[in-house]
Amino acid sequence: MKEEMDVLEQTIGSEYKYGFVTDIETETVPKGINESIVRLISKKKNEPEWMLNWRLKAFAHWIKMEEPQWPNVTYPPINFQDIIYYAAPKKKKALNGLDEVDPELLKTFEKLGISINEQKRLTGVAVDVVMDSVSVATSFKKQLAEVGIIFCSMSEAIQNHPELVQKYIGSVVPMTDNYFAALNSAVFTDGSFCYIPKGVRCPMELSTYFRINTENSGQFERTLIVAEEESYVSYLEGCTAPKRDENQLHAAVVELVAHRKAEIKYSTVQNWYPGDANGAGGIYNFVTKRGICMGEYAKISWSQVETGSAITWKYPSVILKGDHSVGEFYSVALTNHLQQADTGTKMIHIGKNTRSRIVSKGISAGRSQNSYRGLVRVGKNAINARNFSQCDSLLLGDQCGAHTFPYIEAAHPSAVIEHEATTSKIGEDQLFYCRQRGIDTEAAVALIVTGFAKEVMNQLPMEFAVEAQKLLAISLEGSVG
Amino acid sequence: MAILQTAYIEEKFDTLQSSHPNVLLNEVRQKGFQTYQNVGIPSYKNEEWRYTPVSNLFKQSYSFSEKVSTINQASVDAFRLPDSATANELVFVNGLYNPLLSNIRSAANEMVIISMEEAANDIRFSDILKEHLGKSSLYLQDGIHALNTSFINGGVFVYVPKKVQVALPLYIYHIADTVQNPVLAQPRSLIYLAESAELKLVETYKTAGSSDSFTNEVMEVVVAGNAVFEYYKLQNDIAVANQVNTTHIRQIGKSYVHTVVVTLDGGMVRNNTNIIMETPGNEAHMYGLYLLKGNTHADNHTLVDNREPHCFSNELYKGVMDDATTGVFSGKIYVRPQAQKINAYQSNKNILLSEKASVNTKPQLEIFADDVKCSHGCTIGRLDEEALFYLRSRGIDAAQAKAMLLQAFANDVIEKIKIESLREHIETLIVNRLSVQIS
């Protein structure tokens, strides 16, 4: 309690503090997208031919597609010809250690409070830092390599492990899946690749910090995690971005593959620049995340804390193909000012005795709109499928909106599905109770919100839980008056 | 008799417009037809129709709002609801109101029942029509609804004056005479309850003949302050009877609305039940039961639009899907920005009995005001094993135990029917059905 209050005190009243621009010479390709840009990206990254062909196929499909209109969000049309599709910090000679990394970069990370040295020493987290689109530093690689884990950037994986990439890329999110996934497939620049061999329990939490840096460069990350039989991995993804006035597009794709008895835990803290109080600037976050439980007893768990971005549009999903497989989704989405979030999950039950659980907490403040959109589908052969969903919304302020759009489709009589949703405002009696004990309104609101989101926060790894709580409080700042 | 092609519909529309020169109705029809031409028949890509392939119904030919019919009093007798002798009975044949077959038993000062055309020409009612006819188009902008509006013809206008509590219930029989040809019937009605009026309304549907029928009905109800409106719908038609049924209720004064929709049999059945709360302090209760067998596809779409503060709504829809049936539920609670202090609850419970049955449900909340209490719950499951075991252990055989549990499940909705004879009638239908179905 004491600790929580300290955290809140520190952060309330503070503005988005990660808005700064790092000045590093970047190598960029011309604005716009066409076939030659796709070829250029592939060439710059020195990719094998199958990769280029795959990109070209995706591009050919993308130009035939239309931008989706169904999400409950509004934004001015995106000019896809006005985006720089490739930006990489200039190649320096190969690095032998962190001290050789551009000091500018290191400073950036210090400002972010994720000094690699510190993290290496104190937390034992391996950080694959993605600065713009190319990985610049990867740590703990050796230690991971000892147990046979491959954890590297996507570009490296394409060079060094083409057979794995070729086998799994697009196997969960096909290039034709949706508009932004197709675009990503054509122009993705980098991302993380992770392969856990059979029977290995990953000794540390794997983590990637994304940063959007060069102005006008859409980030097109592609992450692929493959967990072989009876393996386990926990992956953390955290995001901060510099303050900008122009909207930036982020269209990432994340694919997870869990084989028999494997478990993947994927946690996200998303704190991109949400735009100012009048809605100027801010990131468009259009992400396709999906995992597949290929084998029996596989488990995939998504947890996310979404506080940033002007617009969030993402549905981390699980395809429960293997018998007895388990899918989980825990989410806290907080919107303030003019932010818009349309997020949720899909649980597709295909195998027998599959289970899924959805806990979604939406908090809307200011003039924001927060939507939960989810699908639970039980197929014809999914005997004894079980789902529980809970979607709660909390409204702070009288100009915001909270929306729930669940889709539940059952085609087998043995399915048991429960869904419940509530929407209410913050309890007057709870506020009164706090006020009575000398806690001011803003702190009281933050406290109540933290409690409201606790069920999800508990699912986050330690490192994230603290940061996530700070974020909630920062994002709420100015929402009560 | 022709396939429902645009050219044919256009021709029919032009004929109708020139043959009934009433400015008011012509205008409403014209607007409807424009919408129909603009949007057409919805495909599965239309969000509101994704689980109900209504365009399939347009793949065949129907005779179109024809007056020729062999239905007489004796044939209506076969369909009458219980206690019909003490009720007002309205009969629609192939979508057209038939005053000769209808029996109005309430006194003329208690209730006015006239054709839509008469009402449009009557200075007492033309203003009401002008203000309220076609308002549902604001909410239902699809081609099916527009098609009904394009062909407003032979509909009925019901007016309950101030402070009149109509003692006799109003029964409406929709009969489709398909002995000769498949029929497209498009009944239309406007019901107006003035201040402090009370009305109980029951609608039921019957297809006489074995060809396909397609009833595309729109009923608009306007409920003024302190009025009480009870609405019951019983759908227990044959397997080739298809329906798209819209009941659009607007509460224009602080009033009370109670609806129960029971679907027991039919082909493809779609019910749109909308309640629009246009003033503060409205109250509405909505109940639904779909107990399906054979190949029936039942789709219930409900909407509660809270436009003003201090409204209360409660909604319970329950479904049992057997054989190769499909149940669809989509419930939307909408709370507008200025509508504070809203309490809105919604619950949807489903039981799947067969491997071929399926259910799709979509309970939605769209909330723009902060001082509200809204919730929805939704379950899909099977019969409680422990309850079954309890009954079996007391010597009740499996089929009977199952029937008892289902009956209890259905009863949560059936008990909300406040007309006793109707409730008993539906209970009997369910008991008979369960004893045959589950054995």
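The values are calculated or read from the model by the stated rules, or taken from the named source; none is laboratory data. Bear in mind that the values here come from a model prediction, so they are computed numbers and not experimental data. Positions of Cβ are backbone-derived with ideal geometry, glycine not excepted, and every protein chain shown enters the neighbour counts. SASA here: full protein model, heavy atoms, side chains in, ligands and nucleic acids out. Shrake-Rupley method; radii C 1.70, N 1.55, O 1.52, S 1.80 Å.
Descriptive notes on the structure:
- Gaussian network model of chain B, Cα within-10 Å springs - most flexible of B:Tyr192, B:Tyr231, B:Tyr390: B:Tyr390
- Here the Karplus curve 6.51 cos²θ - 1.76 cosθ + 1.60, taken at θ = phi - 60°, turns the phi angles of region B:27-42 into couplings of 5, 4, 4, 4, 4, x, 5, 4, 4, 4, 5, 6, 9, x, 7, x Hz, with x standing for Gly and Pro.
- Separation of alpha-carbon centers, region B:261-276 and region A:403-481, rounded to whole Å: 37 Å
- Among the residues of A:422-433, the average count of other protein chain beta-carbon atoms within 10 Å of the residue beta-carbon is 3.
- Among the residues of B:372-384, the average count of other protein chain beta-carbon atoms within 10 Å of the residue beta-carbon is 6.
- Fraction of C-alpha pairs exceeding 38 angstrom in the protein assembly as shown: 50 percent, rounded to a whole number.
- From the largest down, region B:290-439 spans 56, 34, 28 angstrom on the principal axes of its Cα atoms.
- Protection proxy ranking, highest mean first, for peptides B:252-259, B:392-399: B:252-259, B:392-399, where packing is the per-residue count of other beta-carbon atoms within 10 Å, averaged.
- C-alpha center-to-center spacing [region A:303-342, region A:146-208] in angstrom: 20 Å
- Using the Stokes-Einstein relation with a Kirkwood hydrodynamic radius computed over Cα pairs, the translational diffusion coefficient of chain B at 10 °C and a viscosity of 1.306 mPa s comes to 72 µm²/s.
- Residue among A:Gln390, A:Ile348, A:Cys400 farthest towards the positive dipole end of region A:335-460, charges placed on Cβ: A:Ile348
- Each principal axis of the Cα atoms in region B:138-271 has its own extent, and those three values, largest first, are 45, 30, 23 angstrom.
- Each residue of region B:395-403 is assigned a 3J(HN,Hα), and the resulting list reads x, 8, 6, 4, 4, 5, 4, 4, 4 Hz, derived from the Karplus form 6.51 cos²θ - 1.76 cosθ + 1.60 (θ = phi - 60°), x at Gly and Pro.
- DSSP assigns beta bridges within the protein assembly as shown; of those with both partners inside it, close to 10 percent run antiparallel.
- Note on A:395-403: average number of Cβ atoms from other chains within 10 Å of each residue's Cβ is 5.
- Kirkwood radius and radius of gyration were both taken over the C-alpha atoms of region B:183-260, and their ratio Rg/Rh is 1.07.
- Helical content alone sets the calculated 222 nm signal of the protein assembly as shown at -7000 deg cm²/dmol, taking -39,500 (n - 2.57) per DSSP H segment of four or more residues and averaging over every residue.
- Accessible area per residue (1.4 Å probe, heavy atoms of protein chains only) ranks A:Glu146, B:Glu427 as A:Glu146, B:Glu427, with the largest value leading.
- Coarse-grained scattering of region B:385-439 at q = 0.21, 0.22, 0.28 Å⁻¹, given as base-10 log I(q)/I(0) from a Debye sum over alpha-carbon atoms: -0.77, -0.81, -1.04
- Spatial separation of Cα centroids for region B:373-388 and region B:283-356, in angstrom: 14 Å
- Translational diffusion coefficient (Stokes-Einstein; Kirkwood radius from C-alpha pairs) of region A:139-199 at 4 °C, 1.567 mPa s, in µm²/s: 102 µm²/s
- Cα shape, region B:142-204, gyration tensor, a/c 1.5 rule: oblate
- Counting all C-alpha pairs of region B:236-379, share separated by more than 22 Å (%): 39 percent
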